[in-house]
Amino acid sequence: MTFSPALEARFEKFLAKYPADRKRSALIPMLIYAQDEVGSITDELIQELARRTGTTPMQVTEVVGFYSMLQRKPMGKYHVQICTNISCLLRGGDELWEQACKKTGLGHKQVAADGSFSLEEVECMGACSWAPAMQVNYDFYHGVTPKQLDVLLDSLAAGKKPEEIAEVKKVSC
Amino acid sequence: MYNQPHPLEVKVLTRRFGLPNSRSIDTYMANDGYTGLKKALEMTPEQIVDYVKLSGLRGRGGAGFPTGLKWSFVPRTSPKPKYIMVNADESEPGTCKDRLLIENDPHQVIEGAMIAGLAINAEQGYIYIRGEYRYLIELMDKAIEEAYAKGVLGENVMGTGKRFHFATHSGAGAYECGEESALLESFEGKRGNPRIRPPFPAVAGVYQSPTILNNVETYSAVAPIFQQGAEYFCGLGSPKNGGTRLFCVSGHVERPGVYELPMGTNLLKIIHEVAGGVRGGKKLKAVIPGGSSCPVLKADECDINMDFDSLAAAKSMLGSGGIVVMDEDTCIVKAALRIMRFYAHESCGWCIPCREGTTWLRKLLQRFHDGMGTRSDIVLIGDLSKNMLGRTFCPLGDAAAMPTIAFVEKFRDEFEAHLDGKPCPKENISRLVAA
């Protein structure tokens, strides 16, 4: 399996972080960065990373099943994650979730037929004081209203990049 | 910073927040940065540990264990390599402070970790950052790079001939990995199941080697303790609860936000003065004082000093500093249900009382919330929770059970109001308020 030179360079860096006989430590970071490039954790990827970290494909599969961010099937180009945990719930997180379902016609962990969007109701993302919060891929959005959510999703669907959307600003940078 | 600071704040860990380019090493070093490390480099490991003890610092991850004492448990003379681990897997509902500490002042975290390294002769440290915080991993990588370029990290720390290396490590989404032994498993590339203890990480942590494992806020406090003095830090808090705390106020208040306040600040003062009071002039109903794992306080229990000992005396916990405020229109059954859905989702499945207990509690609470509960369910919810206590490898089972017991005991009337096929009596009101 081949990866981009940038990802190969990253893998090399990851493997150098840990003692030479502890390559397995690099497994989870490698999985998540590889998923960003490949789209999901494929069987082929499992074989490849098992080989590179001195583990068995079964050990890798076991790990993949544990972590909520690791996906066996590709999510949408924009993976919309909405927190409905307690702090967000108290500030309208469930309304935001309902709006997202209505707007996209998707449910929890469903992917649009054209692969543009996917939706996930997530647990606390560490933005409790600025609730309700959501993430699109790795970008954070704070204090999102259902209306802003519509604008954000419409703009993304129209091909705008997150940083070009003035009405709803991503906060993480 | 995502909220306005408040004049009542005592800025120690957050004092560089808001400075231009606060995350750069130049800003850090122009504002006392790495002077604490310099001081520690001239001390013996014993002196460093004693100095941390003197500061009264207690672990900011949730348990509040005295940090100096924790460090003293590490067998310094062990022939094994020693490690420093920074827990940045912040995921306790209600908690959003570690994110700010890394985002605004990453070098303070590095300095704290390096001082911990000197205390046990460790030459390698890692920071385990939750996968969702990708931008913080990149930001921390940049800070680490700067520290290497300036000769702070590396083979010759500040020209002293000592060695210390530091690297980021990404998680991939699992609340359980914030628990120290599960974090260590995850760090080794495995499922995040907890380890049985003893041995504790101090003796057998990273790669079964002696390890100091603390929260981001704890390490962030170590730097100013050495920069500004342990006595100064200790004097800021209440007895046996040194320093300040980053309180994350969320929920039904006018000005939710993260505020750095002295340990022992009165909870009502935090809610009414710092956070601007309950939203819309509503009455206060309940407060979760330290993240979702902590037993709820009723409004009349909120005249309390926010430190580890006062909260423990009130049968709750200071936890991770996440203050979740609920107004009079909040449905407690709905709150309890949402919290249990979280624990049922995050239970790693390793221990049966937790795996089965959280799942059954979720089902029971859901049925109750849907208006199909029975009077005996109220008793069953309480009994089931109590049966989970102390019967699991890690505290997740307790963390799910304790708040549930408190919800049922303190708000039994609300559970009873859901009976006899009644739908959630508060539902319509809370919808209107939130809209």
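The values are calculated or read from the model by the stated rules, or taken from the named source; none is laboratory data. Because the structure is predicted, anything quoted here is derived from the model rather than measured. All Cβ positions, even for glycine, are placed from backbone atoms using ideal geometry, and neighbour counts span all protein chains on display. Ligands, DNA and RNA are excluded from the accessible area calculation, which covers all protein heavy atoms including side chains. Shrake-Rupley method; radii C 1.70, N 1.55, O 1.52, S 1.80 Å.
Tabulated values for the structure
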| item | result |
| --- | --- |
| Total accessible area lost when A and B pair, probe 1.4 Å, Å² to nearest 100 | 4800 |
| Over chain B: helical MRE at 222 nm, DSSP H runs n ≥ 4 each giving -39500 (n - 2.57), nearest 500 | -12000 deg cm²/dmol |
| Nearest-10 value in Å² for the accessible area of A:C124, using the 1.4 Å probe | 10 |
| Neighbour-limited loop hits for GluC sites (Glu not before Pro), segment B:214-310 (at most 15 other Cβ within 10 Å; DSSP other than H, G, I, E, B) | B:E254 |
| Distance (nanometres) between label positions extended 7 Å along Cα→Cβ at A:E44 and B:R197 | 4.3 |
| Portion, in percent, of the accessible area of the protein assembly as shown that falls on carbon or sulfur, probe 1.4 Å | 54 |
| If the convex hull is drawn through the Cα atoms of the protein assembly as shown, its volume per residue in Å³ | 145 |
| Two-decimal log10 I(q)/I(0) for segment B:244-327, as the Debye equation yields it once each C-alpha is a single scatterer, q = 0.21, 0.25 Å⁻¹ | -0.86, -1.27 |
| Global geometry of segment B:332-396, whether rounded, prolate or oblate, following the gyration tensor of its Cα atoms and the 1.5 cut on a/c | prolate |
| Segment B:324-352 and segment B:267-318: distance between their alpha carbon centers, rounded to Å | 18 |
| Residues along segment B:305-353 losing 50 Å² or more of accessible surface when the other protein chains are present rather than the chain by itself (probe 1.4 Å) | B:R338 |
| Rounded to 10°, Cα long-axis angle of helix B:375-388 versus longest principal axis of chain B | 20 |
| Most mobile listed residue (B:S292, B:S72, B:S320) in chain B, GNM with C-alpha springs under 10 Å | B:S72 |
| Three-way shape call for chain B based on the alpha-carbon gyration tensor, with the a/c threshold at 1.5 | prolate |
| Separation in nanometres of the label points that stand 7 Å from Cα toward Cβ, at B:L389 and B:K363 | 2.4 |
| Rel. contact order, % - alpha carbon contacts under 8 angstrom, at least six apart, chain B | 16 |
| Protein-only accessible surface order, largest first, of B:Y175, B:Y343, B:Y2 at 1.4 Å | B:Y2, B:Y175, B:Y343 |
| Mean separation of Cα contacts under 8 Å (6+ apart) over length of chain A, as relative contact order % | 16 |
| Residues of the protein assembly as shown: accessible area per residue with a 1.4 Å probe, Å² | 37 |
| With DNA, RNA and ligands ignored, accessible area of B:R279 (1.4 Å probe; Å², nearest 10) | 60 |
| Coordinate range along principal axes, alpha carbons of segment B:189-264, Å, largest first | 43, 36, 21 |
| Chain A, helix-only ellipticity at 222 nm - DSSP H runs n ≥ 4, -39,500 (n - 2.57), divided by all residues, nearest 500 | -12500 deg cm²/dmol |
| Degrees between helix B:332-346 axis and first principal axis of chain B (Cα, 0 to 90, nearest 10) | 50 |
| For segment A:78-171: relative contact order, % (alpha-carbon pairs under 8 angstrom, 6 or more apart) | 30 |
| Efficiency of FRET between A:K77 and B:N3 - r from beta-carbon atoms, R0 56 angstrom, step 0.05 | 0.95 |
| GNM top mover of B:N121, B:N21, B:N193 - chain B, alpha-carbon springs below 10 Å | B:N21 |
| Listed residues B:Y126, B:Y232 arranged by accessible area, highest first, probe 1.4 Å | B:Y232, B:Y126 |
| Tensor-based shape of segment B:25-236 (alpha-carbon gyration tensor, a/c under 1.5 rounded, otherwise prolate or oblate) | rounded |
| Those residues of segment A:111-138 for which accessible area with every protein chain present is at least 10 Å² below the isolated value (1.4 Å probe) | A:E121, A:E123, A:C124, A:M125, A:G126, A:C128, A:S129, A:W130, A:Q135, A:Y138 |
| Within 10 Å of each Cβ in B:171-184, the average number of Cβ atoms from other chains | 3 |
